[in-house]
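Presented below is the structure to which this report refers.
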Amino acid sequence: MPGQARRGSLRTTATVKDRGQLDRIRALLAKAESTNFPEEAETYTAKAQELMARHSIDYALLSVDVGGRDEPVGRRVAVDNPYGAPEVLLLDAVARANRCRSVWSGEFGFVTVLGFPSDVDGVEMLFTSPLVQATGAMVAAGSRRDASGRSSTRSFRQSFLTAYAQRIGERLTTVTKETTDEATRDAVGLLPVLVSREAKVPRWTHLPRAPRKICASRRRPQSRRVSSWRPNRP
């Protein structure tokens, strides 16, 4: 209520605005999934990433304004066989575009995404939609056979998803950079805030500062056990 706000009440302050912005992002991703034109789907996805980047920036500034004590968290996201490795590449690309890090626990079938809560929410949302898009395009491309008539469908699909992950990762990272550059020109003091928050996200997950709070994604993993921590790529 007016006059009753307290330092640290970040989530209460942001709830209404979050809801409208996230609804717009979901609508764009739904359009991306429904179109049969890859260029159009990529445009919708890029626009969704732009809104998510703006949402992350707004949330970071709001955290400073209300004295929020936001800390990085971890969330486990399931990855499915037989194309687990390309899915992990896609998830890692989306995570990096949204100032998060990821750790693959391959033996247990999940990836742990590390970052601030609002960013991790965005990663999960943005990962699911491109995965649906890529899977649909991959299936539509049909099966493949080599010169000897043997099936090469699996290797083709592995390559397809790997190339897609690289391409969408580059596009999302570019969108985030452009959005951040524009925002830092307009908001004095924003860049140090973003740098400070990103520094809190552990690059090496075996360090003591790795977040204690690890929760399961809504996409239920196959196991809740955690493998030994492994460092991310530099």
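What the table shows:
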{"item": "Karplus (6.51, -1.76, 1.60) ³J(HN,Hα), θ = phi - 60°, over the range 189-196, in Hz, Gly and Pro reported as x", "result": "x, 5, 4, x, 5, 5, 5, 5"}
{"item": "Accessible area (Å², 1.4 Å probe, nearest 10) - Arg24", "result": "130 Å²"}
{"item": "Computed accessible area, Asp186, all protein chains, 1.4 angstrom probe, square angstrom", "result": "120 Å²"}
{"item": "With all protein chains modelled, accessible area of Val188 [1.4 Å, Å²]", "result": "150 Å²"}
{"item": "Largest-first ordering by accessible area, 1.4 Å probe, given options Asp70, Asp121", "result": "Asp121, Asp70"}
{"item": "Cα centre as origin, Lys/Arg/Asp/Glu Cβ charges: the range 50-136 dipole, Debye", "result": "120 debye"}
{"item": "Reachable aspartates and glutamates, given that their alpha-carbon falls under 19 Å from the alpha-carbon of Lys47 and they are not under 8 places away in the same chain", "result": "Asp18, Asp23, Glu33, Glu39, Asp58, Asp119, Asp121, Glu124, Glu170, Glu178, Asp181, Glu182"}
{"item": "Inter-label distance for Ser196 and Ala30, nm, one decimal - labels placed 7 Å from Cα along Cα-to-Cβ", "result": "3.8 nm"}
{"item": "Gyration tensor verdict on the range 17-163 (Cα atoms; rounded if a/c is under 1.5, prolate if a/b is larger than b/c, oblate otherwise)", "result": "oblate"}
{"item": "Rough spin-label spacing in nm, given labels placed 7 Å along Cα→Cβ, for Ala187 and Arg154", "result": "4.7 nm"}
{"item": "Charge dipole (the range 26-125, unit charges on Cβ, about Cα centre) - positive-most of Leu91, Thr35, Asn81", "result": "Leu91"}
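The values are calculated or read from the model by the stated rules, or taken from the named source; none is laboratory data. Being a predicted model, the structure only gives us computed values, none of them experimental. Quick reminder, even Gly has a Cβ in these numbers, built from the backbone with ideal geometry, and neighbours come from all protein chains shown. Keep in mind that these areas ignore ligands, DNA and RNA; they rest on the heavy atoms of the full protein, side chains included. Shrake-Rupley method; radii C 1.70, N 1.55, O 1.52, S 1.80 Å.
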